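What follows is a set of notes on a single structure, which appears directly below.
The values are calculated or read from the model by the stated rules, or taken from the named source; none is laboratory data. Because the structure is predicted, anything quoted here is derived from the model rather than measured. Neighbour counts are summed over all protein chains in view; Cβ atoms, including those assigned to glycine, are modelled from backbone coordinates with ideal geometry. SASA here: full protein model, heavy atoms, side chains in, ligands and nucleic acids out. Shrake-Rupley method; radii C 1.70, N 1.55, O 1.52, S 1.80 Å.
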Amino acid sequence: MVFDFDGTLADTEEKAFNIYNQLASKYKYSTVTMEELQHIKNLHIKEIKEIVDIPFYQFPRVLREGQKLLKEESSDINAFSPDIHAFFTELRKETDHTGILTSNIKKTVAQFLKTYELSHEIEFIMCSALMSKGKKIKKVLRKYDIDPREMLYVGDESRDIEACQKVGVDVVAVNWGYNTPIALERCKPTFMIENLWEVIDIVRKNNKIKMA
């Protein structure tokens with residue numbers, strides 16, 4: 001069982017939006033209004049890159065700086081589900097492995113887990129470049145000797161869905177994250193959910209099928 005972090009477990013959208021505009025002023029690229037953000041949430045990351053006018057050579061630097069700024073606020077990042085600790089306690093009864101695969105940095109995720117007393121519930125944190133989640137998913141499969149058909153990935157963006165489809169892993173798309181449900185449905189995720197607790201229902205159903 002693998003989870004994305006930003007937009008899936010952690011509500012970082014407003015902080016990321018403010019950091020983006022802060023860096024836009026610093027590096028002289030276009031800021032984004034809240035109205036424009038709602039339009040961007042309907043787009044694929046490749047389409048977003050065409051709209052956002054960060055020069056290609058500056059993008060890695062801006063991304064790293066943005067992640068560092070978010071880390072400074074990591075103790076103030078809210079979970080989408082206030083009962084997230086109870087959720088993971090229950091989920092661990094149904095799964096062999098539970099981890100996080102994210103494009104964020106490990107220290108930010110670790111602080112979030114500490115805040116919500118989840119450090120002992122999450123077996124691993126793995127970090128990935130924006131467009132390299134497929135490779136990292138394969139790494140998790142190899143490390144824990146998991147059949148792709150037995151893994152479930154939970155994410156909030158079209159790139160999460162596409163990465164899972166490339167490696168044959170079922171993907172649960174949440175309807176509260178960085179991409180809108182409309183954008184996610186275009187990519188045809190295995191499941192769409194409105195509440196994190198629905199993940200446990202999916203896992204239990206899959207476990208019954210395996211035992212049948």
Task: Candidates Tyr153, Tyr144, filtered to the one that is under 29 Å from His39 (Cα atoms), of a type in the set (Phe, Trp, Tyr) and either buried (at least 17 other Cβ atoms within 10 Å of the Cβ) or in contact (Cβ under 8 Å) with a residue 40 or more places away in the chain (or both) - done: Tyr153
Open item on the list: Quick check on Lys208: is it closer than 20 Å to Ala16 by Cα, surrounded by fewer than 17 Cβ atoms within 10 Å (Cβ to Cβ) and basic (Lys, Arg)?
Closed with: no
- [ ] Would you mind telling me which numbered condition in (1) within 30 Å of Asp201 (Cβ to Cβ); (2) open to solvent by 30 Å² or more (accessible area, probe 1.4 Å); (3) among the hydrophobic types (A, V, I, L, M, F, W, C) Phe59 fails?
- [x] (1)
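Results for (1) within 19 Å of Asn195 (Cα to Cα); (2) buried (at least 20 other Cβ atoms within 10 Å of the Cβ), shown as yes or no for each residue.
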| residue | (1), (2) |
| --- | --- |
| Phe5 | yes, yes |
| Glu13 | yes, no |
| Asn21 | no, no |
| Ala24 | no, no |
| Ser30 | no, no |
| Asn42 | no, no |
| Glu47 | no, no |
TODO: Output the residues belonging to region 103-153 that are within 16 Å of Ala163 (Cβ to Cβ), within 17 Å of the chain's Cα centre (by Cα) and among the aliphatic types (A, V, I, L, M).
DONE: Met126, Ala129, Leu130, Met131, Ile137, Val140, Met151, Leu152
Task: Residue that is surrounded by 14 or more Cβ atoms within 10 Å (Cβ to Cβ), touching a Leu at 6+ places or on another chain (Cβ under 8 Å), among the hydrophobic types (A, V, I, L, M, F, W, C) and part of a loop (DSSP other than H, G, I, E, B), where the choices are Ile161, Ile122, Ile200 - done: Ile122
